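Contents: one structure, followed by commentary.
The values are calculated or read from the model by the stated rules, or taken from the named source; none is laboratory data. Source: prediction; values computed, not measured. Cβ coordinates were reconstructed from backbone atoms using ideal geometry, including for glycine residues, and neighbour counts include every protein chain displayed.
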Amino acid sequence: MGAILAMAVKDLRLLVRDRMGAFFAFGFPLVMAVLFGTIFTDRGGDDSRIEIIVVDEDRSAGSAEFVKVLEGASELRVVRHPGEKQAFDRASATEFVRRGGVPAFVAIPKGFGESRESMFFGAGAKLVLGVDPSRKAEQGMLEGLLTKYGFLQLQQSFQDPAIMRGRVKSSMDRLRADPDVPDPTRRVLDQFFGDLDRFLVDLPEATTAAGEGKPAPDRDSGMGGFQPIAIEKAEIVKPARGGPKNAYAISFPQGIIWGVMGCALGFGISLAQERTKGTLMRLLVAPIGNSHVLAGKALGCFIATVSVSLALIALSMAPPFNVRPTSLPLTLAAVLATAVCFVGIMMLLAVFGGASERGGQGLGWGVLLLLAMVGGGMIPLFVMPDWMKSISVVSPVRWAILSIEMGLWRDATPIEMIKPCAILVSIGLIGFAVGAAKLRRMSIA
């Protein structure tokens, strides 16, 4: 154990003495964290489309038509179910919104199509809107957008007298069949519907006359406060879970990853240096074996990565960053799992980087930059395009950032923490085993 500890201390001293290596391990991640946090703090509002789930419970021609209207809206993006052959129902849509998957859902209840057909009599068309309570800004916008597209669909109907005559007839039939309507009201409405039907018969001729230079009807008159769609709000109770308090809660996990990658690369390159300078030969002829050399290298890398991670987390808690971890034990578990993962990656870089320092450095930065690029180390996952999000699952950087975020602000449960930590530890153990086996077979000449 004393030999392993001496090897680890030796590697840590070499890292500190190398100013450039120490900068990329300790200074560069801080620069990245502060830079990205400042950028996202100052970026202002997001002008992207609002993501919603649309649940068609009516399954009628009228509801299908309105779904197409929402899908074609420039302000909205309708999200499909993650399962290829599945569709959201209201319960699953509510749960998806409750967990922060999308800001809102819109449910089209049964009877929507029928109410659109008899728009002049009855309760009228209704939609159910459920909005994440933490997304109050989107709620008002969505109510306005639904009303807007309800008016647009109604306007299109008015432009086709044949469709409107059918709806007038449907309203008249419902009126005459409703026994609860008083006779005086029935007579007045029956006369109104008759006059409206005659108006729709004469409308094409009036429209043609207006096109020939005659005065057109006043488009701003009528309708008053008529609402083509009544919006009912569905209550969504958010779980008692945290969220990023500021942009630094998102950027500091990225900074930690850059620090961890710097440590892994530094220790990986040091092995190539020791081989070229003969240090490894002298170590192996000493009364220690390969296992001591590997364990010392792994322990030094582990201590460095944990130290960098904890230092950045402690710094993030201080003003002006003010990041408050929701669970220090889970944050520590994420740091330890991430350290194990990148110790394994360090071993792979050390043995597959070739015998030269330059080769190891080139391969190391190439691999690590690629993993950071697709895993959220450069651009946060939530602003990535969908195709990049789908391939990010192969990058350990994604799981490292996710696990750290779970401890810092996602307010995860220990059960939820198992998956990312297990993936990280598995990658680390496999990487270390493969690297150690490769090193034993390599010539040290």
Q) Within the stretch 19-28, can one find any residue that is modelled with pLDDT under 90, of a type in the set (A, V, I, L, M, F, W, C), assigned to a helix (DSSP H, G or I) and more than 30 Å from Gly259 (Cα to Cα)? A) no
Q) Just checking, which of Phe96, Phe66, Phe105 is under 15 Å from Asp132 (Cβ atoms), in a helix (DSSP H, G or I) and touching a residue at least 12 places away in the same chain (Cβ under 8 Å)? A) Phe96
(Q) Looking only at the stretch 245-279, count every residue that is surrounded by fewer than 19 Cβ atoms within 10 Å (Cβ to Cβ), under 28 Å from Leu369 (Cα atoms) and at pLDDT below 75 and tell me the total. (A) 3
Q | Top-ranked residue in the stretch 393-445 [being β-branched (Val, Ile, Thr) and outside any helix (DSSP H, G or I); ranked as modelled with the highest pLDDT] | A | Thr413
Q) Which one of these is more than 47 Å from the chain's Cα centre (by Cα) and either buried (at least 16 other Cβ atoms within 10 Å of the Cβ) or at pLDDT 80 or above (or both): Leu284, Leu203? A) Leu203
Q) Hey, any hits in the stretch 328-350 for a residue that's in a loop (DSSP other than H, G, I, E, B) and in contact with a Gly (Cβ under 7 Å, 6 or more places away or on another chain)? A) no
**Q.** Residue match in the stretch 310-325 (condition: at pLDDT below 95, assigned to a helix (DSSP H, G or I) and touching a Ser or Thr at 6+ places or on another chain (Cβ under 6 Å))
**A.** no
